[in-house]
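Single-structure report; data block below.
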Amino acid sequence: MPRDLQVLVRQNPSADYTRLPRQAGPADADPPKGPAPLDLVVSLRRHGDELHISAFRPGERTPGTRIHRTRLALPAPVLLAKAARLRSIWRDRLIAYDPDPFDPYPFASAVDFTPHAAVAERKVAELAEEGRYFLETMFDGTDRSLARFREYLTATLTEHGSLRISFDSDLHLPWPMLAVDTGRPDPWADFLGHRHQIEQTGAAYPPIQPPNSARAKPVTSLNTDDQLTGIGRAPEVRKLLEDRSQLTVRTESDLLLEALSAAVLDEDVMYFWCHGQFVANDSPYEQLAVRLSDDRHIDADLVRRHRRRHLDRPDAVFRPFVLLNACHTGQSAAAELDHLGRALVDLGADGVLGPQLQIPQEFAA
């Protein structure tokens, strides 16, 4: 039977990343405490097929601790292909693990992994080794500057405690899946996503939104296909949103695109429970598109087209947390980024979560 998780929210990491801290006013006895500063900034830029990477610790910027930078020996298409391979391994070895027809996909649907502890430990050890292999391959090479950069980044990721890291990258790489070699017997401790607090960005100029509005209930939307209303746990999801939020339900693409075209789309959560598929668009790089009750494909460029006029408007509001619970969400095609998720973040969304599950309705609750 499904179990509800008890969650204690200690802070809002999304707001800490995307909001400017409030400035102290004359009446403030003590200046307000803002978000913790970043400990490490890693920037990966693509120039054709060449990849240039830089890293620095903001609190250590002195002539002796300059920005570390180098050019990777690995070309961008090769690195993207290896990233797609790593995601596929996680999907096939962990998410799609299905040894028992009476307990299907335990690592995709179970809350308590205790009955599968031995298997989980073996798989985690294997995935940690794959994550280390990716990181080693990414920085492989004999160039002196590359060797120095590799030494600096490896030491920073392993010698220090938990860091607050921003990976600002032109390529969507699975940074939390990468792993370092700490020399410890516990493979869990090697994953970057376990050791550190990570954000992944790609927009050059993320929009600064107005302050959050005060309201008694969060504002949400359920963007869905009306033929899916009884599938899986869809009724529970809708009831939860109806009971605990001010809910808008959209089942047609026209209604969604009309909302996206408005300067103010002040929703806290946009939940997509719908179909998703990769479309070629006469290009070698397929892109994820979602579809509601009608047959229109909603892809990244369509979303950008409807919001492009509001990017620099100070009165525009668009900061939802987006959940893409659709077919193929989180999987990559042709080793390229899920452009839809990136587009939403670039336009100001607080975050996008696309669970890479074979049975996405299991994730809904």
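The values are calculated or read from the model by the stated rules, or taken from the named source; none is laboratory data. The structure presented is a predicted model; accordingly, all values stated were derived computationally and were not measured. Here Cβ is always computed from backbone atoms with ideal geometry, including for glycine, and neighbour counts include all displayed protein chains. Please note that ligands, DNA and RNA were not included when accessible areas were found on the heavy atoms of the full protein model with its side chains. Shrake-Rupley method; radii C 1.70, N 1.55, O 1.52, S 1.80 Å.
On the phi > 0 side of the Ramachandran plot and either at pLDDT below 95 or not hydrophobic (A, V, I, L, M, F, W, C) (or both) - does that describe any residue in segment 126-138? Quick ask: steps written out before the conclusion?
To start, the set of residues in segment 126-138 that are on the phi > 0 side of the Ramachandran plot comprises none.
Scanning segment 126-138 turns up no residue that is on the phi > 0 side of the Ramachandran plot and either at pLDDT below 95 or not hydrophobic (A, V, I, L, M, F, W, C) (or both).
Determine whether Arg296 is in contact with a helix residue (DSSP H, G or I) (Cβ under 6 Å, 6 or more places away or on another chain), open to solvent by 50 Å² or more (accessible area, probe 1.4 Å), touching a residue at least 12 places away in the same chain (Cβ under 8 Å) and in a helix (DSSP H, G or I). It would help to see each step written out before you state the result.
Values: in contact with a helix residue (DSSP H, G or I) (Cβ under 6 Å, 6 or more places away or on another chain): yes; open to solvent by 50 Å² or more (accessible area, probe 1.4 Å): yes; touching a residue at least 12 places away in the same chain (Cβ under 8 Å): yes; in a helix (DSSP H, G or I): no.
No: the conditions fail for Arg296.
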Per the filter on segment 117-139, residues open to solvent by less than 20 Å² (accessible area, probe 1.4 Å) and under 18 Å from Leu44 (Cβ atoms) are Gly131, Phe134, Met138, Phe139
The one condition Ala81 fails out of (1) within 19 Å of His172 (Cα to Cα); (2) open to solvent by less than 30 Å² (accessible area, probe 1.4 Å) is (2)
Of (1) among the aromatic types (Phe, Trp, Tyr); (2) at pLDDT 90 or above; (3) over 30 Å from Ser43 (Cβ atoms), Phe102 satisfies every one except (2)
Of those in segment 97-116 that are surrounded by 14 or more Cβ atoms within 10 Å (Cβ to Cβ) and either part of a helix (DSSP H, G or I) or not hydroxyl-bearing (Ser, Thr, Tyr) (or both), the residue nearest to the chain's Cα centre (by Cα) is Ala108
Practice task
With the condition kept exactly as written, say whether any residue in segment 212-225 is within 17 Å of Val322 (Cα to Cα) and open to solvent by 80 Å² or more (accessible area, probe 1.4 Å).
Solution key: yes
Taking segment 251-272 and the residues there that are part of a strand (DSSP E or B) and closer than 13 Å to His310 by Cα, the one that is least open to solvent (accessible area, probe 1.4 Å) would be Leu265
One residue is enough: does segment 333-341 have a residue meeting the conditions part of a helix (DSSP H, G or I), open to solvent by 40 Å² or more (accessible area, probe 1.4 Å) and modelled with pLDDT under 80? yes
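Restricting to segment 42-56, what's the tally of residues that are of a type in the set (Asp, Glu) and either farther than 16 Å from Leu173 by Cα or open to solvent by less than 10 Å² (accessible area, probe 1.4 Å) (or both)?
Filtering segment 42-56 down to residues of a type in the set (Asp, Glu) leaves 49-50.
Subsequent filtering for residues that are either farther than 16 Å from Leu173 by Cα or open to solvent by less than 10 Å² (accessible area, probe 1.4 Å) (or both) retains none.
The number of residues fulfilling the criteria is 0.
Does Leu173 qualify as being buried (at least 18 other Cβ atoms within 10 Å of the Cβ), in contact (Cβ under 8 Å) with a residue 40 or more places away in the chain, in contact with a strand residue (DSSP E or B) (Cβ under 8 Å, 6 or more places away or on another chain) and part of a loop (DSSP other than H, G, I, E, B)? Walk me through how you get there before you give the answer.
Working: buried (at least 18 other Cβ atoms within 10 Å of the Cβ): yes; in contact (Cβ under 8 Å) with a residue 40 or more places away in the chain: yes; in contact with a strand residue (DSSP E or B) (Cβ under 8 Å, 6 or more places away or on another chain): yes; part of a loop (DSSP other than H, G, I, E, B): yes.
Yes: the conditions hold for Leu173.
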From the option list Val249, Val219, Val279, single residue qualifying as more than 23 Å from the chain's Cα centre (by Cα) and either over 15 Å from Ile298 (Cβ atoms) or β-branched (Val, Ile, Thr) (or both) is Val249
Can you spot a residue in segment 308-315 that is modelled with pLDDT of 85 or more, part of a helix (DSSP H, G or I), open to solvent by 50 Å² or more (accessible area, probe 1.4 Å) and out of contact with any Ser or Thr (no Cβ under 8 Å at 6 or more places or on another chain)? yes
In segment 209-237, anything out of contact with any Lys or Arg (no Cβ under 8 Å at 6 or more places or on another chain) and at pLDDT 90 or above is listed as Val219, Thr220
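Kindly indicate whether any position in segment 276-289 is modelled with pLDDT of 85 or more and open to solvent by 50 Å² or more (accessible area, probe 1.4 Å).
Applying the first criterion (modelled with pLDDT of 85 or more) to segment 276-289 yields 289.
Checking the rest, the ones that are also open to solvent by 50 Å² or more (accessible area, probe 1.4 Å) come to none.
No: segment 276-289 contains no residue that is modelled with pLDDT of 85 or more and open to solvent by 50 Å² or more (accessible area, probe 1.4 Å).
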Those residues of segment 62-97 which are among the β-branched types (Val, Ile, Thr) and modelled with pLDDT of 90 or more amount to Thr70, Val78, Ile89
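Just one of Thr182, Thr142, Thr154 is farther than 23 Å from Thr70 by Cα, surrounded by fewer than 19 Cβ atoms within 10 Å (Cβ to Cβ) and not charged (D, E, K, R); which is it? Steps first, answer last, please.
Working: Thr142 fails: farther than 23 Å from Thr70 by Cα; Thr154 fails: farther than 23 Å from Thr70 by Cα.
The unique qualifying residue is Thr182.
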